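A short write-up of the structure that comes next.
The values are calculated or read from the model by the stated rules, or taken from the named source; none is laboratory data. Source: prediction; values computed, not measured. Neighbour counts are summed over all protein chains in view; Cβ atoms, including those assigned to glycine, are modelled from backbone coordinates with ideal geometry.
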Amino acid sequence: MSLTIKTKKRIVLIFFLMAGMLLALTARLVWVQLVRGEELRQKAYAVRFRNVEVKAKRGVIYDAKGKPLAISISTDSFYANPAEVKRSKREKEIAQKIAEVLELEEEKVLELITKNQAFVWIKRHVPEEKAKILKSLNLPATSEFAETQGLPGINSVEEPERFYPKEQLLANVLGFTGIDHQGLNGIEKTYDEVLSGNSGTIMVEYDNKGQEIPDALHKYIPPEDGDSIYLTIDETIQYILERELDEIMSLHKPKKTGAIVMEPKTGRILAMGVRPTYDPNKFNEVDQSFWRNFLISDAYEPGSTFKTVTMSGALDEGVVDINDRFYCGGFIQVANRKVRCWKASHGSQSFIEGVQNSCNPVFITVGLREGMDVFYRYLYGFGFGKKTGIELPGEATGILVGKERAKEIDLAMMSFGQANAVTPIQLITAFAAMANEGKLMKPQIVQEIRDREGNLVRKIEPEVVRQVISPETARQVMSILESVVSEGTGRNAYVEGYRVGGKTGTAQKILPGGGYSTSEYIASFLGVAPVNDPRLVCLVIVDSPQGVYYGGQVAAPAFRDIIRDSLRYLQVPAQIEPEKIAGSDLNTLVLPDLVDKDLDDAVKILSSKKLIAEVLGDGTKVKAQLPFAGTKVAENSKVVLYTSVPAEGSNPETVVVPDFTGKNIAEVKEEAGMLNLNFNILGSGIVVRQEPEPGQQIPVGNVITLYMEAQTEDVLQPIGP
């Protein structure tokens, strides 16, 4: 029977509906398979697989001789699969066992391992003994549950952990890493990408109930270990340097101290250290201020060590000759202001003698001769006012008086090391240029990078920045600085058998609100050896030493010991016999106690030790002495003996009045106290006048009136050499 028209229409409609549905399904299939296929495949993998990241081992950090300073060791880190833990129905037992071994709070562990997450860390970098115990734990059998092998849902993965085998050695240069093995400070941070490598992955397949499928697909993508770094640091010289920093902390108890040893011909840093410091294995157990490397990140007014820069520019420009004569009357007039020398008066002196005496008026005169344009040309030429480019984080640029607003008084102050603030790394880099025939080198602390197979990836060659002064000028500067050690304020830096040059520095600290402190100083010494073939330059800085604070007494002895032992370690042959050099009789000795001795006996004792006695007063007994007993001094040093006239009948004992001019309150208290003299202070700052005058004999206990003036714009008082 033929179909009716109505039936045919229905069939056609159904056909088109079916065709449309098939077309829609086909389109959907194409969309799912071809367009979104990869995306859905990844989602399926995400449901089926759990990824555990496997950190790569960081590259080793070596010293210049290949001794490891930072390495990566393998440790176990424990994680939980909360779904599997909850399915075991023994969460509390599991949490209790984990908490007991890892010494954690049971409630917190329970909360952690039952979170609604696929993966949670319990504890990373677990010590080996505890990791072994945790891996061996089982849940005991009960009437409801059979004995388990291991703790359900608890697994471990091997992770690298950073370890510093030398502990505190070089800590502020190396830096440290975080829990995720990322560099957070020092070289570890600067070279994080080089050292870190590429992490790997462990992929484990689970069923729809969150259970690991036995013998299922386990994919392992191995990590790629990081490259290793070889520093320019020499571990032995670093030990020597840090030994002396510890000695400074013990003897002088400063707020902080630091030192740098550099190879002037290459710019390579052989040692760098600060105190106080920390153990990078326990970096999170100390205050963050201990992490700071102030040799890189802090700027300070360098004081007299900066006179080397003024001298270099003046000699190079020919505005001063070594035979030029100068006169120091204790101060110099600059415009309408009076700038004092650190000493009452140096009198007439040659330029070389002015350098030996660290005379401020001499350097002010020389700086003014240079003029603003020339002075700033050498200031910028030596690299001040911008970063040196050393490969350590946090380097500061320093703070310079802007050339466009600098005045004559600013130039005067800059000439002897005030007004401008520089970083220690800038200062030693500039000084190294003087020791390198005038060539400024970029400071370098990394010398090469090698891959995990030991193949060379990159070698970092020494980099010449610019020629700052001529080789002739540089040699002249070295010769003058040698005389500072052999005949001037740097005698305590002398190293027997080697030609040593250098410059002392004692600078007042800048107060946070501006102005200068009258009680805290920065002592420093900047030196080179041997001056005729410079192998090493060294800067020692001591911030706020207690008691004696002059650079020649606090920093120079540390410089001497660092350079002496480093030259011997490097097998640099002794160049000269001690008796063949001026000032070679500077063997140090401990000053005996001469107080209460007869004057004649005290003078004989000093003479027998090759020391020079300077007697003040008309008495026959030694009332006090400077330096104090126990102080280390060099042969041919001057020792001041204060004498008192003994009481006869009703006459009181008398002592000679010292010269307090130019001294601050702390120095006045120290010297007046040992002579049993009282004093009356009028004003503040430094002593500009006193009554009675120096040299008079007065009774013990008498009052001396001291007139003091602050460091105002009209009277500026620099501190000693």
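Restrict the check to segment 402-416 and report whether at least one residue is more than 23 Å from residue 368 (Cβ to Cβ), of a type outside the set (Ser, Thr, Tyr) and assigned to a helix (DSSP H, G or I). Give the steps one after another, and end with the answer.
Within segment 402-416, the first condition is being more than 23 Å from residue 368 (Cβ to Cβ), and the residues that meet it are none.
No, segment 402-416 contains no residue that is more than 23 Å from residue 368 (Cβ to Cβ), of a type outside the set (Ser, Thr, Tyr) and assigned to a helix (DSSP H, G or I).
Scanning for something modelled with pLDDT under 95 and touching a Lys or Arg at 6+ places or on another chain (Cβ under 6 Å), does segment 214-230 turn up at least one residue?
The answer is yes, given that some residue of segment 214-230 is modelled with pLDDT under 95 and touching a Lys or Arg at 6+ places or on another chain (Cβ under 6 Å).
Scan 482, 463, 472 and give me the residue that is of a type in the set (Asp, Glu) and either over 16 Å from residue 264 (Cβ atoms) or without any contact (Cβ under 8 Å) to a residue 40 or more places away in the chain (or both).
Within the list 482, 463, 472, the selection yields 472.
Given 417, 394, which one is modelled with pLDDT under 95 and under 17 Å from residue 305 (Cβ atoms)?
417 is the lone residue from the list that is modelled with pLDDT under 95 and under 17 Å from residue 305 (Cβ atoms).
Counting only residues that are assigned to a helix (DSSP H, G or I) and surrounded by fewer than 17 Cβ atoms within 10 Å (Cβ to Cβ), which one in segment 84-98 is modelled with the lowest pLDDT?
Here the residue is 87.
Is segment 645-658 home to any residue that is modelled with pLDDT under 70, buried (at least 16 other Cβ atoms within 10 Å of the Cβ) and not charged (D, E, K, R)?
Yes; the residues of segment 645-658 include at least one that is modelled with pLDDT under 70, buried (at least 16 other Cβ atoms within 10 Å of the Cβ) and not charged (D, E, K, R).
Within segment 447-464, can one find any residue that is in the same structural domain as residue 353 (by TED's automatic domain parsing) and assigned to a helix (DSSP H, G or I)?
For segment 447-464, residues in the same structural domain as residue 353 (by TED's automatic domain parsing) and assigned to a helix (DSSP H, G or I): absent.
Residue 74 is checked against (1) under 25 Å from residue 180 (Cα atoms); (2) in a loop (DSSP other than H, G, I, E, B) and fails just one. What number does that condition carry?
(2)
Report those helices (runs of 4 or more DSSP H) wholly inside segment 534-633 carrying at least 3 residues which are farther than 30 Å from residue 471 by Cβ and modelled with pLDDT under 90.
599-608
Could we say that residue 265 is over 18 Å from the mean Cα position of the chain (by Cα) and modelled with pLDDT of 95 or more here?
yes
On the given criteria, is residue 453 of a type outside the set (Lys, Arg) and without any contact (Cβ under 8 Å) to a residue 12 or more places away in the chain? Working first, answer last.
On the way: of a type outside the set (Lys, Arg): yes; without any contact (Cβ under 8 Å) to a residue 12 or more places away in the chain: yes.
Yes.
From the list 364, 332, pick out the single residue that is of a type in the set (A, V, I, L, M, F, W, C), under 29 Å from residue 520 (Cβ atoms) and part of a strand (DSSP E or B).
332
Yes/no matrix, rows are residues, columns are (1) buried (at least 22 other Cβ atoms within 10 Å of the Cβ); (2) in contact with a strand residue (DSSP E or B) (Cβ under 8 Å, 6 or more places away or on another chain); (3) among the aromatic types (Phe, Trp, Tyr):
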| site | (1), (2), (3) |
| --- | --- |
| 377 | no, no, no |
| 393 | no, no, no |
| 401 | no, no, no |
| 412 | yes, yes, no |
| 415 | yes, no, no |
| 425 | yes, yes, no |
| 428 | yes, yes, no |
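In this structure, does residue 350 turn out to be among the small types (Gly, Ala, Ser), closer than 21 Å to residue 319 by Cβ and more than 21 Å from the chain's Cα centre (by Cα)?
yes
Pull up segment 373-396, narrow it to residues that are without any contact (Cβ under 8 Å) to a residue 40 or more places away in the chain and of a type outside the set (D, E, K, R), then point me to the one that is farthest from residue 267 (Cα to Cα).
The qualifying residue farthest from residue 267 (Cα to Cα) is 376.
Any chance segment 319-331 includes a residue that's of a type outside the set (Phe, Trp, Tyr), at pLDDT below 90, touching a Leu at 6+ places or on another chain (Cβ under 6 Å) and more than 20 Å from residue 502 (Cα to Cα)?
No.
Just one of 329, 371, 383, 313 is of a type in the set (Gly, Ala, Ser) and under 30 Å from residue 188 (Cβ atoms); which is it?
Result: 383 is the single residue among 329, 371, 383, 313 that is of a type in the set (Gly, Ala, Ser) and under 30 Å from residue 188 (Cβ atoms).
Output yes when any residue across segment 502-519 is under 21 Å from residue 572 (Cα atoms), surrounded by fewer than 23 Cβ atoms within 10 Å (Cβ to Cβ), assigned by TED's automatic domain parsing to the domain that holds residue 324 and among the small types (Gly, Ala, Ser), and no when none is. Before the answer, list the steps.
Let us first name the residues in segment 502-519 that are under 21 Å from residue 572 (Cα atoms), namely 502.
Next cut, surrounded by fewer than 23 Cβ atoms within 10 Å (Cβ to Cβ) only: none.
Checked against the condition, which is being under 21 Å from residue 572 (Cα atoms), surrounded by fewer than 23 Cβ atoms within 10 Å (Cβ to Cβ), assigned by TED's automatic domain parsing to the domain that holds residue 324 and among the small types (Gly, Ala, Ser), segment 502-519 yields no hits at all.
Any chance you could count how many residues in segment 293-321 are over 23 Å from residue 256 (Cβ atoms) and in a loop (DSSP other than H, G, I, E, B)?
The qualifying residues number 4.
For segment 478-499, name all the residues that are small (Gly, Ala, Ser) and touching a helix residue (DSSP H, G or I) at 6+ places or on another chain (Cβ under 8 Å).
483, 488, 490, 493, 497
State which residue is modelled with the lowest pLDDT when the search covers only segment 127-162 and only residues that are more than 30 Å from residue 176 (Cβ to Cβ) and hydroxyl-bearing (Ser, Thr, Tyr).
Looking at the filtered set, the residue picked out is 143.
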